[in-house]
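Reviewing the structure listed below.
Derivation of every value follows stated rules applied to the coordinates shown; laboratory data play no part. All values derive from a computational prediction rather than experimental measurement. Here Cβ is always computed from backbone atoms with ideal geometry, including for glycine, and neighbour counts include all displayed protein chains.
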2 protein chains.
Amino acid sequence: MIRRPTLAVVAEAAGVSLKTASRVLNREPNVAAATRERVLDAATSLGFRRNAVAADLARGGFSRLVGFITGDLANEFYSALASGIERELREHGLQLLTASSDEDPEREGSLTGELLERRVGALIVTPAGADHSALRGEIAAGLTVVVVDRPAAGIDVDTVVIDNRGGTRAAVGHLLAHGHRRIAFVGDEPHLWTYQERSTEFLDVMHDAGVPDAERWLRSGAHDAAAARGLVAELFAAPEPPTAVLAANNRATVGTLQALRDVPGGDGVAVVGFDDFELADLLGITVVAYDAVEMGRRAAELAVARSAEPDRAVELVVLPTRVLPRGSGERPPR
Amino acid sequence: MIRRPTLAVVAEAAGVSLKTASRVLNREPNVAAATRERVLDAATSLGFRRNAVAADLARGGFSRLVGFITGDLANEFYSALASGIERELREHGLQLLTASSDEDPEREGSLTGELLERRVGALIVTPAGADHSALRGEIAAGLTVVVVDRPAAGIDVDTVVIDNRGGTRAAVGHLLAHGHRRIAFVGDEPHLWTYQERSTEFLDVMHDAGVPDAERWLRSGAHDAAAARGLVAELFAAPEPPTAVLAANNRATVGTLQALRDVPGGDGVAVVGFDDFELADLLGITVVAYDAVEMGRRAAELAVARSAEPDRAVELVVLPTRVLPRGSGERPPR
DNA sequence: TTGTAAGCGTTATCAA
DNA sequence: TTGATAACGCTTACAA
């Protein structure tokens, strides 16, 4: 259990003062070439490694860490976000500290606290809680907050979302154009912003298309595949079943496909899924796609920009979506 | 841009010394209830939040952060690992710092450096590099290192892997039991340890089963789906094509399925994939499955255990795999 | 039960 | 170009 050499030790070995050694190792100007050489030699021969903890403390204010609070790291959407964030942060010499809230507002709060104790320079959050006004004080104290995937209520911060309404409109339009009228919408939990955006737009488009009572085919609660499966099975057991399904997230798509496998003639039902997934291609599933990695990257970019310039105007980034026709969404109504 | 109150400010507001305030906020014993009360009140009313950076520095040694260096956070296998690690660390009041190496040994090295500067208490790594003896000094200096998914060469550290050979044996045995003899193996890059384990076992089992020249159907380089697809297409274009394919990782499985779609009679070819994936169920793909989240959890557990007791014996944890028959692996040879 | 004083390993200030 | 010396905000001996 050897102790690491400190900057002071390096300085002494090089025969210079602490400050000079610090200057060299931080690539600051105004150091004689010979001095620099000596310090560098001493550092490498001693195996010096700067202590970022001490550096951050001395610098005061924030550390060079950025916190990311997400719903569930095991979900491919969130991990794609994390990947994009991490890559962008690295470009700026920042490190990523991740934490999963399990979509639990209380847990989100305590994680926020822990990250703040770590003096993260910025917090990137996919908000689980309904109200984030507790962060207002932190923001006033200089904390950068960026939310991604859905807006945060109660605070006015940089936000990165996808065009949920546009994507929904395109998806429903796609099905309508293929002759469908009885279109079902299978969505996540009603309290989620993305659900609200997508379901509202669904109803609007259906209404505009002259389909009465589209609510009949609106379902919520498909937070996992099993739930979605049940909802879809139910839809097809009822009188007047739909001829097409818009599954409003990747879990819902999986559940929908599982359910349709068991429905007589289920393979004739048109399906469009929100969120692309790796095997959608192989399965021939038409989806509303967007770039989750890019979403994360943009969020990190905003975090960096705001840290550098706290007074800049708050930005809302809306990323585009597009329908990828792969067969399942192009089937005609029976 | 308000400055956060420090412990000293809280102490003053409560009319106690710095140390007493510290005691209260760290839940140390031997503080009068009334004093505690006053300090707590002062802390909340001032909006105090302890500075973990300063605390870690003062405590000396390592921070309460654990670093995880992984190949690619966007890959569902690695994010499952990360998820398991994060959950376990949280139980112990530790935080997770993630970084992606893109499977690049050089990058792995620099990331290691950055995490060490941050004085992480432990490093969990899915080794990309061939040689990790550079870490030997750090380990001697008290750093905990745990490797996961594949062993690290050059250092003797706690390791968590799955039973690659057993899984391969079971998969090949499964196909042999269904009457196959011409079984192809489509694997990742040859330099990867998992490839070596799996391919070697494949050849052994084939040999033991009396199949000569199994090498004919051994392919490597399927690091992504596209590469796998090409390899499989090639296999089936050649004379004496296989009647079954063992795809040695999740990417290879996807590529195999894509390729078989284009092969006449491809839907009659038996397929077993290494690594389970969400839609394997829906697609009816037989796989060799294991629990990646648990793998991460075990790695974190080892990291915590070793940090607490640096002299404990080095552990090698081998997690079991199991074959999940779902149809694709049970097709008879044509 | 409470307090004093000395670090922890940097960076920053200001003078030389 | 260099160097004392004081922060940074906390923990930990050691006293009282």
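Quick notes on this structure:
- Spin-label model, residue A:319/residue A:237: points 7 Å from Cα along the beta carbon direction are separated by 3.8 nm.
- Normalised by the number of residues in chain B, the average gap of Cα pairs under 8 Å and 6 or more apart makes the relative contact order 17 percent.
- Test item: A:246-257 mean partner chain Cβ contacts at 10 Å: 1
- Computed FRET value (nearest 0.05) for residue B:91 with residue B:19, which takes r as the C-beta separation and R₀ as 51 Å: 0.95
- Exercise: per-residue mean of other protein chain Cβ atoms within 10 Å, B:83-96: 3
- Innermost chain A residue relative to the axis carrying A onto B, by Cβ distance in angstrom: A:79, 2
- Counting only alpha carbon atoms, the long axis of helix B:225-237 and the longest principal axis of chain B meet at about 10°.
- Antiparallel DSSP beta bridges within chain B, as percent of all bridges there, nearest 5: 10 percent
- For the pair residue B:216 and residue A:41, a Förster radius of 45 Å applied to the C-beta separation gives a FRET efficiency near 0.20, rounded to the nearest 0.05.
- Förster radius 22 Å - calculated FRET efficiency between residue A:110 and residue B:31, Cβ distance, rounded to 0.05: 0.40
- Once you reduce the stretch A:107-138 and the stretch A:46-81 to the center of their Cα atoms, the two points are 15 Å from each other.
- The mean of 1/r over all pairs of different alpha-carbon atoms in the stretch B:167-316, once inverted, gives a Kirkwood hydrodynamic radius of 16.3 Å.
- Farthest positive-ward along the stretch A:240-334 dipole, Cα basis, beta-carbon charges - from A:293, A:279, A:246: A:246
- Helix B:250-262 vs. chain B, principal-axis angle (Cα, 0 to 90°, nearest 10): 30 degrees
- Nearest-first distances (nm) between copies at residue B:136, label 7 Å from Cα via Cβ: 6.0
- Rounded to the nearest 10 degrees, the inclination of helix A:292-308 to the longest alpha-carbon principal axis of chain A is 40 degrees.
- Legend: mean number of C-beta atoms from other chains within 10 angstrom of residue C-beta atoms, peptide B:50-59, equals 6.
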